[in-house]
Every structure is written in structure tokens, then in C-alpha cells.
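The values are calculated or read from the model by the stated rules, or taken from the named source; none is laboratory data. Since the structure is predicted, the reported quantities are computational estimates derived from the model, not experimental observations. Every residue, glycine among them, receives a Cβ derived from its backbone with ideal geometry; neighbour counts consider all protein chains shown. Quick note on the areas: whole protein, heavy atoms, side chains included, nothing else; ligands and nucleic acids left out. Shrake-Rupley method; radii C 1.70, N 1.55, O 1.52, S 1.80 Å.
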Amino acid sequence: MYEIISKKVLNKDVDLMQIKAPLVAKNAKPGHFIILRVDENGERIPLTITEVSDDLVTIIYQKLGFSTRLLGKLQVGDSISDFVGPLGKASHIVNEHKIIGVAGGVGAAPLFPQLKEYKRLGKHVTLVIGARSKEHIILLDDYKEFCDEIYIATDNGSLGQKGFVTDVLQTLYQTHTYDHAIAIGPLVMMKSTVELNKKHGIKTDVSLNPIMIDGTGMCGNCRVSIGGKTFFACVDGPDFPGEEVDFDELIARQSYYKDEEHICNLGLE
Amino acid sequence: MIIKDKVKMPVLNKKIRQTNFEEVACGYDIELAKLEAKRCLDCKNPKCIAACPVQVPIPEFIKLILEDKLDEAYYKIYEDNILPAICGRVCPQEKQCEGACIVGIKGDSVSIGALERFIGDYALDNDLSKNETIIEKNIKVAVIGSGPAGLSASASLRRLGYDVTVYEALHDFGGVLKYGIPDFRLPKNIVTTEINKLRTMGVKFEKNVIIGKSITIDQLLNEYNYQSIFLGTGAGLPSSLKIKGENFSGVYYANEFLTRVNLMKSHTFPKNPTPVKVGDNVAVVGGGNVAMDAARTAKRLGAKNVFILYRRDMDALPARLEEIHHAIEEGIDFRLLKNPVELIGDKYIVKQVKCEIMELGEPDKSGRRRPIGTNKYEIIDIDSCIISIGQLPNPILRESTDKLDVDDWGRIKTNVHMTSIDGVFAGGDVVSGAATVILAMGAGKEAAVEMDKYIQSKKQ
Ligand SMILES: Cc1cc2nc3c(=O)[nH]c(=O)nc-3n(C[C@H](O)[C@H](O)[C@H](O)COP(=O)(O)OP(=O)(O)OC[C@H]3O[C@@H](n4cnc5c(N)ncnc54)[C@H](O)[C@@H]3O)c2cc1C
Ligand SMILES: Cc1cc2nc3c(=O)[nH]c(=O)nc-3n(C[C@H](O)[C@H](O)[C@H](O)COP(=O)(O)OP(=O)(O)OC[C@H]3O[C@@H](n4cnc5c(N)ncnc54)[C@H](O)[C@@H]3O)c2cc1C
Ligand code: SF4
Ligand code: SF4
Ligand code: FES
């Protein structure tokens, strides 16, 4: 069992938890993720490692469906059944100077360790962060501690520019140039960011989130098409060059169990 | 006197089987077991033993059944095979022990597997375990992976007095025995009970640890002070058909499909929250045990039509004979000499499979007649497709471990069970590629002997 050491409600949909997991913490690097099961009947769900300190692993999760909502019901002192990692390949840190990170919704969590790593290496770091509303913007204060520039977009205009992150980017690109981009968020957001960046000649790394089971390369559930070839996101990713990702295929794969997820959620009401 | 016909094992009614995951083959009771045991001729030169990968003393244990010495029969088997209840159920007996049995020349061979299972079950039911005094060596060894190879290595090492820790990546122990082979062939409580026996012996089990990621091999040797390591990480990586449309939704690799059902229990959805869906028409590609398991599982999940698409003919199916019989009984539709060439979808969801119709030509390297394309095609409407055409080792260990030599297929290279890293041994599917439970167990046991020799030689 893995104990919840601290919990912070970041907004109505998103929580942060620190879990005691020495063997996950031991070799974790930015870009790695974990798979957890809340209880002994639980689904295996993947979440990015946002931070590590000593034996403690920080995760930030959006209460989207059954398992993440179930997790959200737990409190400090409770334990979760399984917690395994670090999984995946650590992020590929490129040797470019002006880095722009684009975060959509809870994507701000997985982006956090990557941008921080770029700053640690002395790069110029810009953040474009977007969410539905002001309340849904997470980690802003933590980002403020190290980012050189921050731009905000909300769907309803309650904070920053009204619109999507791509709207902010479009404005930004009229006056600024960047060497390299990282986009993490919902698939549609990553897809449109990559398309826009391509027009401006900026390469974009994306972090893919297909449905996973084992996370060890055993089942093939997490397969994604990258440049016409098949990769397993759990062992070959989750980060891939955005230009080569077949987003439409992935969007279809991710929503294959929509009806079933709905049935599960009814059980929680 | 030779009794030509074997004593048939009772099986679950076909109708009941359609919808449930209860074990199909019900096993002998003592009367039936004795009747069958009588058929063994107690050969002077028993061919059956030579054909068993771990040389179980077959006529000896069969004789003990006739003498009502069931405890002794169990201990007899246990010396060579710690998991008789499992091997009795899943060994491809017709290719191994039973395939070589003398009685089989003129009639049915002695049902060695069924008898071995009978003894294994007897031991489980009566909580038999051999009282062995273990003389502690206080030397730490690690076993990576809790499949048959790892379990057998850890039992052997523990009996030699080592302090054994098994590390498993998943949240449950048993490898393919848990996540691959379905309940209707191998009830999971058998695997759990056998693992608990090893715990009682003093073997330590750690789940949720991925060696190469959570802890590296280097760290195990240098920080954790393991004197030797056994790698039994299996062959989990599914092989792909390399055809168009393989990534459409509704296309599963057998591993995903079977893991959802066996490990995550998705057949009880939504009680267990991991879903699975197959639809009415399911194509299963392949002809081995994995394909049979996938097909029979799909049927139990409610599929109306399940087709096995296999590119050779019935005689060439690599699956265990018993599974093929049960699959036929359950209404699985064998569409032979069909080779899928494309999966056709709509909005990224699979709808059809296009197959080339094959013919058999001259025998190939495997001795089986080679399938040749005819340039004629057939299109079948499907709701899902399960690909079961083989597995290779996953890349985690080799990518995270410098100096671990592997061949072109990613299988770990060994020399008398030792890998290219001093003190690190390997066995089972990770060395051989996808094979069998008993071969993996045999490899684990032999590797344990070599690990012991290695550790002893280092002490001198
Ligand atoms: C490598 C990786 C890292 C991730 N990191 C984080 C993270 O740091 N924080 C976080 O909140 N989420 C993260 N996710 C997504 C997270 O795993 C899913 O949100 C979670 O599995 C949903 O489970 P659920 O049972 O709560 O929802 P479900 O009921 O299963 O799904 C609810 C909705 O989410 C969609 N969905 C299903 N699976 C995924 C998925 N894997 N990714 C995105 N949407 C999905 C479904 O289509 C459905 O509409 C990550 C995913 C991956 C693969
Ligand atoms: C569906 C199916 C049906 C089968 N039917 C039969 C049958 O009827 N008869 C038969 O004889 N054989 C059958 N087989 C084959 C047989 O199951 C395998 O040959 C056997 O299980 C191999 O044993 P193993 O211990 O080498 O590997 P596995 O059983 O694969 O076990 C390996 C274990 O190692 C773990 N692992 C992997 N990497 C790591 C890591 N880095 N760190 C920690 N743990 C790790 C895995 O999670 C797994 O639990 C079948 C296989 C399948 C898939
Ligand atoms: S272990 Fe397998 S091959 Fe050996 S005797 Fe038992 S059933 Fe036959
Ligand atoms: S070969 Fe057959 S008859 Fe002879 S000892 Fe073995 S099981 Fe008995
Ligand atoms: S999650 Fe199973 S192979 Fe990636």
C-alpha cells in the first residue's frame, strides 16, 4: 500500500497529492509517469510525475472519470493499492535556447517538470497556459517562480486573453520568435498547437496520453502512429515529435470506451 | 494387458460454458484416476520421462496412485516439478510426455497430464507441502519476474538456503499464468495458492517494481547487495501483423484483450471498472494457445461469431489438442488457409478484415507445409479483431541495462544460463522466445543450480 502524505485541492476539478513511494522516487526524471490503482479492483491509470522529493512523489490529476474521481475521494493518511514507476522515457531535452511551453488544462502538471528542467539548464522559458476559466488554471504561482514570460488564455476570458492557447500563440508569433516548443494538454489542443507551430517553423514536442494498462510494453493498448510507424507510448514515449503524430487515430482510440466510462461513473453518483 | 481407450475426463456442459468462465475440464476423481493409472505399463525404459522437459518420474508416481499413496505421489512429482496442478492442466502433453508413451502407439496414450493434475489438486485440497528444513545461507539473491521461470528458480534457490526476493512489475504475481491463461483453463486461485506456498517457504515477493526502471540491475548488484540475479521477465511484447489498419479501435493484441479479462477482470464490468468490448463478430488471428484462449474468451463475453483466421490447415495448428477440441465444441469457427492482409475501418474503428486465401506448398524449415498466397481474397465483416501471432521480450531490460547482450529478436543471450553480465542469469521466454510453462520452469530450475555454483565459486 502507498500512503497519501499530503493533498491539496487545486480547483474544483484538480487535486495534487504526494504519495510515499520510495522505489518510484529513486530513479524518476522529468517526463516519467506512474500507473496507479486506487483499490484492489481498480483500473490501472497513468499519471505524470510532477515532482519528487526524497521518498515522496507528487501527482496532479483531473477528476475526469471514475478512477480519478475515486482517487479524489481519498484523504491524507489513506493509502492506494498500487503505484508503480517511473515509467516511460524521460523527456528529451533539446539544446535550444528560447523554449515555449504550451499547457492546456491539467497539461500544466506534466509540463511543469520539463519547463523547470529547461530553466535549470539556463534556457529562456516562456509559458502559455490555458484553461476553461480562471479557476481551472493550475500551478500558476509555481510557474511564476521560474518562467521568464507567462501568457494566459481562458475560454471565458476570466483571466488573461479570452480564447484558446492557439489564439495567444498567434498573437505572440507576430512579435516573438522561439526555437522550440512543448505542448501538453488535450489531444485537440496539442493537434492545433502543432499545426500552428509548423506554419511558424517551430518544432513541437508533445506528450501523448493514450489509454494504458500495464505500462510495460506488454499489451499494446497504448500504441500510437508516429510518422507512419507504430510505437508503444508507455515504453517509447510518452513524448513524441508532434509533427509526426497521427492525432485523429489517437483521438478515436482514446474515446473507444466512452460509453463504458459513462456506466462506471453512474456507480459513483 | 493394454487398455486402448483412455478414461475421459468429465467436462463442463457446452451450454453452460457459453457464458461463464468456470473451468471446462473438471478433473478425475480417485476412482477415475485409478482406472487410468492402471493403463500405465510401468515400462523398464520409460519413453515418457525422456520426453518430459523436467523428467518427472512418471511411472513411479502413477504406481503410487494405484497404491493409494497420494501424498507420496505428490512429493515424487514435486522433486522435479513444483507446480503439478498447473502443468497437468497446461502442458502440451501430446507433444511431450504423452506423445512418447508406449501405450499411445496402438491406442490412447496414458493421460499423464490428467493424472498429474489429479495429484496436484489433491495436494492443494489437502494443503500438502513438503516439510523441508532449509539451512539458511544468509546470501541474498533476486529473481525478476514471477512467471513460471521465476517461480521455479525461486523455489530451487530457497531450498538451497538463499534469501530470495522476487520482483514483479505488475500488481499481481504469476506472469502469463495470471494475465494470459484464462480461468476456464487455469483457475487463478490455483496460481495464488502455489505462490503462497513459496511465501511459506520464505520467498519474499515484491510487486509493482519494474527492474530497469524502479531499480536497475546495476543498483540491485551494487546497492542492494544481491549476489546473483535471475531474469525471468518473459516474452510480453506482442508481434504485429504489419498490415494496414492495425491501429484502428477494436483491434486488440491478444495480450491486451486477455489482460483486460484475466488480470483486470473486465468480464465483471462494471463491478471491476476496466471495460472490454468485442461486439458480435470477432476475428482471431493465429492458431496457437493464445489464439484459442482469445477466441474462447471472446465467445464467453457474448460474441455471436468468433472466427479463427489461420494461414495453414487444421493439422498445423500449434495449440494444445485439448484446447482445439474445446474450441470446436464451443462453436469457434475455424477459417483455415486465410491470411489477413488488411483491416478496413470507418472513422478509425475496425469494420472488416480482408484475407488472402492460401494454399499449402512444400514443407518449410518448421517441417510444416508452407502457405502460399493465391491472389484470391475474401472480406469478412467484424466488430473486433484479436491478433495472436506471437510475442517477444519487451525492451525495458535491454534498454536500461548496458552490456546485456540480446539477439536480433531481443531475446537475452546466455551461456549455461548466465547472461553477458557476471552473476546475472536468465531463463524462460525471455531467452527462448514464447515457449511453454514447463520449459520456463525447467530453465528456472537449471539456472538456480548454476547460480548456486557461481556464488559458491566466488566465495572460495
Ligand atoms: C503518460 C500519461 C500521463 C498522464 N498524466 C496525467 C496527469 O498528470 N494528470 C491527469 O489528470 N491526467 C493525466 N493523464 C490522463 C489520465 O490517465 C486519464 O485522465 C485517466 O486515465 C482517466 O481515468 P478515469 O477513470 O478517471 O476517466 P475515464 O472514465 O476513464 O475517462 C474519462 C474521459 O477521459 C478520457 N480518457 C480516457 N483515458 C484517457 C487518457 N489516458 N488520457 C486522457 N483522457 C483519457 C476518456 O475519453 C473520457 O472522455 C495521463 C495519461 C497518460 C497516458
Ligand atoms: C494466452 C497464453 C496462453 C498460453 N498457454 C500455454 C499453455 O497452454 N501451455 C503452455 O505450456 N504454455 C502456454 N503459454 C506460454 C507460457 O505461458 C509461457 O511460455 C510461460 O509463461 C513463460 O514463463 P516465463 O516465466 O518465462 O514468463 P512470463 O510468464 O511471461 O512471466 C514474466 C513475468 O515477468 C514480469 N516482468 C517483465 N519485465 C519485468 C521487469 N522489468 N521487472 C519486473 N518484472 C518484470 C512480467 O510482468 C511477468 O509477470 C501461453 C501463453 C499465453 C500468453
Ligand atoms: S510436467 Fe508436463 S510434460 Fe512433464 S510429465 Fe508433467 S504434464 Fe508431462
Ligand atoms: S511410456 Fe506410458 S506406459 Fe510406459 S511408463 Fe510411461 S506412461 Fe507408463
Ligand atoms: S500500456 Fe500496455 S503496452 Fe503500453
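Data for the structure
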| item | result |
| --- | --- |
| Hey, B:Lys76 in a helix (DSSP H, G or I) and either over 22 Å from B:Glu194 (Cα atoms) or open to solvent by 40 Å² or more (accessible area, probe 1.4 Å) (or both) or not | yes |
| Strands (runs of 3 or more DSSP E) wholly inside the range A:1-118 containing at least 2 residues that are more than 12 Å from chain B (Cβ to nearest Cβ) | A:2-9, A:14-20, A:45-48, A:51-53, A:56-62, A:98-104 |
| B:Leu263 vs. criteria under 30 Å from B:His417 (Cβ atoms) and out of contact with any strand residue (DSSP E or B) (no Cβ under 8 Å at 6 or more places or on another chain) | yes |
| Residue check, B:Asn196 out of contact with any Pro (no Cβ under 6 Å at 6 or more places or on another chain) and facing chain A (nearest Cβ under 10 Å) | no |
| Matching residues in the range B:374-390 - criterion: being open to solvent by 40 Å² or more (accessible area, probe 1.4 Å) and either in contact with an Asp or Glu (Cβ under 6 Å, 6 or more places away or on another chain) or not basic (Lys, Arg) (or both) | B:Asn375, B:Tyr377, B:Glu378, B:Ile379, B:Asp381, B:Asp383, B:Ile389 |
| Qualifying residue in the range B:422-430 (condition: open to solvent by less than 60 Å² (accessible area, probe 1.4 Å), touching a residue at least 40 places away in the same chain (Cβ under 8 Å) and in a helix (DSSP H, G or I)) | yes |
| Single unsatisfied condition, A:Ser225 versus (1) within 16 Å of ligand 1 (Cβ to nearest atom); (2) free of Cβ contacts under 8 Å to residues at least 24 places away in the same chain; (3) of a type in the set (Gly, Ala, Ser); (4) surrounded by fewer than 20 Cβ atoms within 10 Å (Cβ to Cβ) | (2) |
| Total residues in the range B:221-255, condition buried (at least 24 other Cβ atoms within 10 Å of the Cβ), within 11 Å of chain A (Cβ to nearest Cβ) and within 22 Å of the chain's Cα centre (by Cα) | 10 |
| Answer from A:Val52, A:Val14 - the residue that is over 14 Å from A:Gly85 (Cα atoms) and modelled with pLDDT under 95 | A:Val14 |
| Complete set of residues in the range B:199-220 that are open to solvent by 40 Å² or more (accessible area, probe 1.4 Å) and away from every other protein chain (no Cβ under 14 Å) | B:Arg199, B:Thr200, B:Lys204 |
| Residue tally, condition among the small types (Gly, Ala, Ser), assigned to a helix (DSSP H, G or I) and within 16 Å of ligand 2 (Cβ to nearest atom), over the range B:98-146 | 4 |
| Check on B:Lys47, among the basic types (Lys, Arg), over 21 Å from B:Gly120 (Cα atoms) and either within 11 Å of ligand 4 (Cβ to nearest atom) or over 25 Å from the mean Cα position of the chain (by Cα) (or both) | yes |
| Listing of helices (runs of 4 or more DSSP H) fully contained in the range A:178-269 that carry 1 or more residues being closer than 22 Å to A:Ala109 by Cα and within 14 Å of chain B (Cβ to nearest Cβ) | A:187-199, A:233-236, A:247-254 |
| Out of B:Lys354, B:Lys265, B:Lys347, B:Lys338, sole residue that is among the basic types (Lys, Arg), open to solvent by 10 Å² or more (accessible area, probe 1.4 Å) and within 27 Å of B:Pro187 (Cβ to Cβ) | B:Lys265 |
